[in-house]
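Participant: Structure incoming, see below.
Readers should treat all values here as calculations from the given coordinates under stated rules, not as data from a laboratory. Because the structure is predicted, anything quoted here is derived from the model rather than measured. Positions of Cβ are generated from backbone atoms using ideal geometry, with glycine treated the same way; all protein chains shown enter the neighbour counts.
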Amino acid sequence: MRFEPTSISIPGVIGFGWKRQPSDKKIAKKLFIFLERRRVLTGHPRRSVDDLPGITRSVIKIADRLTETLENDDPGDDLERSVRRMRSDSLTFLDQAGIDGKNFRDEIDVAHRLGEYHARLGEQLAALAIHHDVEFEDALAHIMPSESVEWMPKMISLED
């Protein structure tokens, strides 16, 4: 928990107002919990064109949640950069997809674009997991670079 000064007063002697801010680790942990439920990240990367409306809705929810994190949680500089980058990657995917994914030609195009999206978010999530020592479900591990996953000490297996 961080404390941020909000006011200074002098009436009696001196006084300070403080606002409690969640730590970056707590903010990152909340993001991981949210992202673990997003099927666009944890589901099978090979999707049909028929899945595109659901895929784009899921990416919109991710972008919205990342925006809310920036607006409401006041992350530190490093976390803010990662969240902004993931949001930018989400918006880029949505721009490429078009409305309900109509810009993607076929399953190969969907798999290619989704693979790029997974790789970009996976890099940021791996960095966050390592930097903030965040535990996460192994469903997210498949989008992270394999060399970073080896260094992560805490991955929760739901199969145990």
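Participant: Beyond 21 Å, what percent of the Cα pairs of the stretch 23-156 remain?
Facilitator: Roughly 37 percent, once rounded to a whole number.
Participant: Quick one: which residues, 5 or more positions from F136 or on another chain, have an amide H under 5 Å from its amide H? H modelled 1.01 Å from N in the peptide plane, none for Pro or chain starts.
Facilitator: Amide H to amide H, under 5 Å and 5 or more residues apart or across chains, F136 pairs with I156.
Participant: Quickly rank 67-80, 28-41 as a protection proxy: mean count of other C-beta atoms within 10 Å, highest first.
Facilitator: Result, highest mean Cβ count within 10 Å first: 28-41, 67-80.
Participant: So if I average 1/r over every pair of distinct C-alpha atoms in the stretch 25-79 and take the inverse, what Kirkwood radius in Å does that give?
Facilitator: After inverting the pairwise mean of 1/r, the radius is 12.4 Å.
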